1. If I compute solvent accessible area with a 1.4 Å probe over the protein chains, what percent of it on the stretch A:84-202 is carbon and sulfur?
2. Pull up all non-local amide H partners of B:R100: gap of 5 or more, or a different chain, and H-to-H distance under 5 Å with H placed in the peptide plane.
3. Grab the other residues whose beta carbon is less than 9 angstrom from that of C:K184, score K and R as +1, D and E as -1, and report the net.
4. To the nearest hundred square angstrom, how large is the accessible surface buried between B and C, total for both chains, probe 1.4 angstrom?
5. How far, in nm, would the chain grow between A:F220 and A:L317 when pulled straight, counting 0.36 nm per residue and subtracting the alpha carbon separation?
6. Note down the Stokes-Einstein diffusion coefficient of the protein assembly as shown in µm²/s, whole number, using a Kirkwood radius over alpha carbon pairs, 4 °C, and 1.567 mPa s.
7. Between A:L350 and C:E220, what is the FRET efficiency for a Förster distance of 45 Å, r being their Cβ-Cβ separation, to the nearest 0.05?
8. Using a Förster distance of 60 Å, how high is the FRET efficiency between A:T9 and B:T88, based on the Cβ-Cβ distance and rounded to 0.05?
Amino acid sequence: MAFNIYDFTTFTKSIHDGLSSQLSPTAVLAIEWTIVGLAYLLFVALFGLFLVYAERKVCAAFQQRLGPMRVGPWGLLQTIADFIKLLMKELITPKNADKFLYNLAPFIVIIVSFLVISVIPFAPGLVTFDFDIGIFFVTAVSSVGVIGILLAGWSSNNKYSLIGAMRSGAQIVSYELSVGLSLITMIILAGTMQISGIVEGQRDLWFIFKGHVPAVIAFFVFVIAGTAETNRGPFDLAEAESELTAGFHTEYSGIKFAFFFLAEYINLFIVAAMATTVFLGGWMPLHFGDFEGFNQIMDLIPGLFWFFFKVLAVMFLMMWFKWTFPRLRVDQILNLEWKYLLPINLFNILLMAAVVLFGLHF
Amino acid sequence: MKAIYNYIKEILQGIWTLLTGMRVTAKYFFTPWKHVTQQYPENRDTLKIADRFRGEVIMPHNENNEHKCTGCGICEINCPNGSIEIITKTLVNEEGKKKRAIDQHIYHLGMCTFCNLCIKACPTGAIVMGQRFEHAVWDRTLLTKVLNQPGSKIMEGVKE
Amino acid sequence: MDELKEVMITNDEIRTDEYLINMGPQHPSTHGVLRLLVQLEGEIVHNVQPHIGYIHSGIEKMAESLSYPQLGHLTDRMDYLSAIQNTEAVALCVENALQVEVPERVKYIRTIMAELSRLASHQLWWCVMGMDMGALTTFFYGLRDREDILDIFEETCGARLTLNYNIPGGVMFDIHPNFQRDVKAFIQKFKTKLPEYERLLSGNVIFTERTKGVAYLTKEDAIAWGVTGPTARASGFACDLRKHRPYSAYDKVQFKEILSDVGDTYTRYQVRMAEMWESISIIEQLIDNIPEGDHAVKMKGVVKLPEGEFYQRVETARGEFGVFIVSDGKKNPYRVKFRSPGFSNLFAINHIAKGWKIADLVAIMSTFDLVIPDIDR
């Protein structure tokens, strides 16, 4: 098939075969793990820095500003300078803080982000784990992140942090439900929970077009709930600046703060990547049924490009409403979930089931 | 049924108001050339400062190093913060008549609130407000200035 | 307060269901160095104790050693967003005491300047309101439009914030030749921006949900706590001095006193938004009709007030601002007292914030439009 030229499977396979011919299977596994781990670290660090820069530029454009302009051409090196600054900062531990938990919390948050990234297919053949329960793994692991936030709030010995952590706890536990249910809606359409299967199922048409009305509803519910799960505006109650100074990471400084900061942006990437994978066809190029000529032109664009193009588009949407809307209040955030998103979601699942059952999708 | 209708209406209305807001921000996002940020040190040459802008008190001198200050001290009295100190000296002219003249017109920029009262009170118009606003210095003693230039004297015909 | 002490002091009997947090003096939403001692149960506010004095600058005491023309420039620094109105109050007070009649031109200029200043103040209030609610973009849109007013101020008054423009006997400078043109251009531009403010924030469902029906202030309470300005008018207390005690040129213009009898956070917001339209209308009525004449009457070199007590109040962007001067006939006042709107407004906060959430407390503070130097003086 046409898109095979951009397939990474042969590339990864050749590395594996090359290593296997030289070393024992255990050593091969160890080396491969190290390579993959380093690749992810590098990706997270670089993409995180890029995202911070992108967010600052995007928000500046929304606000008729220029954003960072001083460090490097168009401020391109600004986030690197910020990162170096954060590395050099003193690590402060507040008096009477629970030292062990206080130091543990940022690692939990960042490790969870890494775990979820591992199942996201960036391009054909460029994925670490491909479970048959991939979607389930994503929802399960991403909810562990809240423990890190709760620990950070609790162990900081600061009332603002505690309020922020409690808010975050209530919020994430509620919005897990919507994320899960909107994904279930799409699983009904896909018929599989394996992420590679879901991507493969979108060869002819992306699911958001295939599932038309229920899929579009599920997409927006997913984006809203996903934003809430990443604690981004307008759901940034956990770190509501004007109310709680900085919420759960008020007391963190230096690299530990950077972990929270990075995790937030990685989570943003994860939500966008999941939305891309499940609704927008992952790395699949834009295909429309029988238009062979069109499809072949689209196939010329590599899968990696398609994936990042879609991810950035979803991220832009999330940044757009972050920089437009006021923040919700804590009771309203729960109202929104339990009185609006949940009923809509349940109804949407029924609708999708009916659509699939009667073959009403494209 | 009515309740469900209202519920759906409420949701749609809410979404509509949100979209209205997003349209406003989008309008500015997609017109990036309309940004309002000015990059300050770069735009120094094109920077427009109003003629009346009160940046600092200055004492204009003409080409013969002459000013209009008689040393009367009215500005010193009118200053609410004590930013101005007048030190006078006595000059004796050829005819042997004693005359008071300004020795040093000391101006503490660091204390000045730019209220314009000294300029308004000055009977001879010797001091005016300058438009320079970049006053940052490394040492605060540099903020104390002597407004009359060394060796300067009063213009002919300026009377108290 | 007794309740508070109980929580704070008795260590052996700590109540576990409530806790105290200090909002401020360094806190992003207190707009300065206001400290609120908030007693919370979870998210719910049980008691708010404002503690002031962190930037007390002793302006009233300093005023006793200043002459009357010098007094004006200090009031710029109290409510810096209503600098024009503050100096106007001092100027009017001194003029009334001396029985000086200022030219019509001065009255017109003062009124236009005061309304421009009110617009600038409300713009800043709007952007900060949005920011406190979490919509950070409003901050930049509001400041962008405020910049135009500050440019007009810079052109005519020579400064942007602490203007010292109204002096006893008139105004510091005559208006700049471009003044009328610039003001008209600004009004034209701002008339297109104001509906944008409404679209961006006022109509937003999140904003209305957060403010409608939150923190009612009744008319009786507003009067009892001495609340004035837009905050009180939202509760139905007709207290607009421009309407009821006209000064300067306010008796020559037609405008509505914005009144509402609801008194919640949303109404306080709406009253200020409507006031911006009224200010625009006032400026439009006056800008083309500025009479010719002097920009100031000649005052004596040393201004001495006759012995006695003099009081003058004006309507600033935040409410009623009063100047009370006791004179013993010398060139310095014997005693000066400023009645600042922010001080009275602030202390109604405990009354209305009880039972609402922390997020609401922040919104309430925003709708009170507090300027801390105005409170502390």
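1. Values: 3540 of 4960 Å².
Ligands and nucleic acids excluded, carbon and sulfur reach 71 percent.
2. B:L91
3. On the way: positive: C:R181; negative: C:D182, C:E284, C:D288.
That works out to -2.
4. 2300
5. On the way: separation 97, 0.36 × 97 = 34.92 nm, distance 1.06 nm.
Length gained between A:F220 and A:L317: 33.9 nm.
6. Stokes-Einstein gives a translational diffusion coefficient of 41 µm²/s.
7. Details: r = 53 Å, r/R0 = 1.17.
Once rounded, the FRET efficiency stands at 0.30.
8. On the way: r = 93 Å, r/R0 = 1.55.
It comes out at approximately 0.05.
The values are calculated or read from the model by the stated rules, or taken from the named source; none is laboratory data. These numbers were taken from a predicted model, which means no experiment stands behind them. So basically every Cβ, Gly included, is an ideal-geometry build from the backbone, and we count neighbours across all protein chains shown. Protein only, heavy atoms only, side chains kept; ligands, DNA and RNA dropped before computing areas. Shrake-Rupley method; radii C 1.70, N 1.55, O 1.52, S 1.80 Å.
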